[in-house]
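J.: For reference, the structure I am asking about is given below.
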Amino acid sequence: MPSPSKPNSIAIVGGGLAGLAAAAAAVEHGFHVELFEQAIHVGGRAGSYRDKEADRLVDLSPHVAMGCCTNLIQFCQATGIEGGFVRHSLLHFFGPDGTQYEFKPSHWLPAPLHLMPALRGLGYLTRRDQRGIGKAMLRLARYRLPDSPDASTMGQWLLVQRQSKNAVRLFWAVVLESALGDSLDHVSVTAAKKVFVDGFMAAKSSYEVLIARLPLGELWQRAATWLSGQGVKIHTKARIASLKFEEGRVAGVEIADGQFHSFDHTVAAVAWKQLPKLLGDALLAAVPEAASAAELESSPVTAVHLWYDQRWTNLPHAAIVGRLSQWLFEGPQGIRHTLAESPGIESAAFASAFHCTVVISASHALLGRGTTTVLAEVLDDLASIWPESRAAKLLHHRVLTQPSAVFSARPGTDAMRPPQGTAVPGLFLAGDWTATGWPATMEGAVRSGNLAIEAVLVACGRPATVLTPDLPKGFLIRWIAR
């Protein structure tokens, strides 16, 4: 028996960050909200899993944010989890020879000139390369060509800008592969411009890095608990078989067990690869832009989790330049799992273990390699910088690769990313892969959820702005990018 539709009711299918953000925005605007997630807990691709041996929640891959991520920051503030992130204004880089360098922008120079001292501080780059990088960044700020399938990749554009091989390998690739999740030979200039102009050059605090002090799964569960307190009904282990498409509109969701729930509006907040199965042939034909989104290319990300019997670095993060390993992050300390179905028993060894994670973005070349060889190379990378790590005992490790961790921001991708509103009444889309103007990031996911609710409000005849504004751009970058 179908459940009756509730006034201004919204079903959100998918409990990733986009779905959680949509739920937070919807309940703020007075909607009755129910969220359906097929997994045991929320989080999606930016979530965690329980490592049974370590008895910990472990992130599928560490996700970091930046000071320019205004919508993510606002979401965390609204749901009371902003204390789960630590902001870092000093970034630590290790050059190819293992020497440590500090990336520390100026406090008194205006943006983007505040980056000049930081760039000069990367001593593994020659002065000539540093000057060339600075000039290319200014040209990138003025880049105006439209994104199209035949546009240059960032790698091709850098060749035209006469960037040296070292500048490309030791600077551009270091920043962009981690930010965009794919290689320079794949990503578009438009996507790269978004990272540098909004992520580094726009405002003095844009570049700052926000790192989770708790497992992401724990943070998103706390956000879900806040949502529940606001009246949002959250269904976990609830697989949606299909969306009910009748009389030209989406009327609700059908659960895998056969139950049908009627809603005024439905937000499909699943990964782009899952969209065709959720919508079905009839809806895909009615929403061709959704079918286009399902064809987006993917890029893999590999996370190598390591547990040692002793600490061998006090750094919370490190950029590792010129090696297989790209970034090192200290894992949350002292956080046992909270989302497990049973409590388990924590071993004394893991109670005091040092947990760190090496992240390798755009890890296409690792898909055919065995985990043993990947682990060995990562351990060698770490030992070349921190010899003390060789003396520490490796208690446990996990090598996790998500083959479809992010969509690949290739030339022409923007045209494949659908808006959050659709031509079908009652159907809306959310996900970092929708048209947010941002790459595959937590900020992009939250923006998509906010934009989806903006589209719902328009459909209800009460338009309102849900999106949090960007950081104000400094006068100099506005003049440069005019």
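The values are calculated or read from the model by the stated rules, or taken from the named source; none is laboratory data. If you're wondering where the values come from, they're calculated on a predicted model, not measured in any experiment. Virtual Cβ from ideal backbone geometry, glycine too; neighbours counted across all protein chains shown.
J.: Any idea which of (1) under 30 Å from residue 410 (Cα atoms); (2) surrounded by fewer than 17 Cβ atoms within 10 Å (Cβ to Cβ); (3) among the aromatic types (Phe, Trp, Tyr) is the one residue 272 doesn't satisfy?
T.: It fails just one condition, (2).
J.: Next question. Hey, which of the strands (runs of 3 or more DSSP E) in segment 325-407, taking only ones fully inside, have at least 3 residues that are over 24 Å from residue 64 (Cα atoms), modelled with pLDDT of 95 or more and within 28 Å of the chain's Cα centre (by Cα)?
T.: Here the list is empty.
J.: Still on this structure, please answer the following. Pick out, from segment 40-122, the strands (runs of 3 or more DSSP E) lying fully within it that include 3 or more residues that are closer than 28 Å to residue 229 by Cβ.
T.: 48-51, 56-59, 85-88
J.: Name the residue, out of 264, 257, that is of a type in the set (D, E, K, R), in contact with a strand residue (DSSP E or B) (Cβ under 6 Å, 6 or more places away or on another chain) and more than 29 Å from residue 403 (Cα to Cα).
T.: Details: 257 fails: in contact with a strand residue (DSSP E or B) (Cβ under 6 Å, 6 or more places away or on another chain).
After ruling out the rest, the residue left standing is 264.
J.: Select from segment 1-42 the residues that are modelled with pLDDT under 95 and surrounded by 21 or more Cβ atoms within 10 Å (Cβ to Cβ) and list them in ascending order.
T.: Listed by number, the list holds a single entry, 41.
J.: Test of understanding: among 123, 132, 80, which residue is in contact with a strand residue (DSSP E or B) (Cβ under 7 Å, 6 or more places away or on another chain) and either modelled with pLDDT of 95 or more or crowded, with 19+ Cβ neighbours inside 10 Å (or both)?
T.: 123
J.: Among the residues of segment 88-98, is any of a type in the set (Ser, Thr, Tyr), surrounded by fewer than 18 Cβ atoms within 10 Å (Cβ to Cβ) and within 30 Å of residue 222 (Cβ to Cβ)?
T.: Keep residues of segment 88-98 that are of a type in the set (Ser, Thr, Tyr), which gives 89.
Add one more test, that the residue is surrounded by fewer than 18 Cβ atoms within 10 Å (Cβ to Cβ), and what stays is 89.
Then keep just the ones that are within 30 Å of residue 222 (Cβ to Cβ); that gives 89.
Taking every residue of segment 88-98 in turn, at least one turns out to be of a type in the set (Ser, Thr, Tyr), surrounded by fewer than 18 Cβ atoms within 10 Å (Cβ to Cβ) and within 30 Å of residue 222 (Cβ to Cβ).
J.: Right, something else. Considering only segment 134-160, how many residues are more than 18 Å from residue 476 (Cβ to Cβ) and either in contact (Cβ under 8 Å) with a residue 60 or more places away in the chain or over 24 Å from the mean Cα position of the chain (by Cα) (or both)?
T.: 15
J.: Let me ask something else. Of 417, 447, 462, which residue is of a type outside the set (Asp, Glu) and surrounded by fewer than 18 Cβ atoms within 10 Å (Cβ to Cβ)?
T.: Of the residues listed, the single one that is of a type outside the set (Asp, Glu) and surrounded by fewer than 18 Cβ atoms within 10 Å (Cβ to Cβ) is 462.
J.: Report those helices (runs of 4 or more DSSP H) wholly inside segment 167-267 carrying at least 2 residues which are surrounded by fewer than 16 Cβ atoms within 10 Å (Cβ to Cβ) and at pLDDT 95 or above. Quick ask: steps written out before the conclusion?
T.: Values: elements: 173-180, 189-193, 216-229.
Where helices (runs of 4 or more DSSP H) fall fully within segment 167-267 and carry at least 2 residues being surrounded by fewer than 16 Cβ atoms within 10 Å (Cβ to Cβ) and at pLDDT 95 or above, they are 216-229.
J.: Scan segment 104-120 and tell me whether some residue there is under 18 Å from the mean Cα position of the chain (by Cα), among the hydrophobic types (A, V, I, L, M, F, W, C) and within 14 Å of residue 206 (Cβ to Cβ).
T.: Looking through segment 104-120, none of the residues is under 18 Å from the mean Cα position of the chain (by Cα), among the hydrophobic types (A, V, I, L, M, F, W, C) and within 14 Å of residue 206 (Cβ to Cβ).
J.: Taking residue 147 as the residue in question, decide whether it is at pLDDT 95 or above, of a type in the set (Asp, Glu), assigned to a loop (DSSP other than H, G, I, E, B) and touching a helix residue (DSSP H, G or I) at 6+ places or on another chain (Cβ under 8 Å).
T.: In short, no.
J.: Additional query: It is to be established whether one or more residues within segment 434-449 are within 17 Å of residue 290 (Cβ to Cβ), part of a loop (DSSP other than H, G, I, E, B) and either aliphatic (A, V, I, L, M) or touching a residue at least 60 places away in the same chain (Cβ under 8 Å) (or both).
T.: Yes, that holds for at least one residue.
J.: Of everything in segment 294-304, what is crowded, with 23+ Cβ neighbours inside 10 Å and over 16 Å from the mean Cα position of the chain (by Cα)? Give them in sequence order.
T.: Residue satisfying the conditions is 304 alone.
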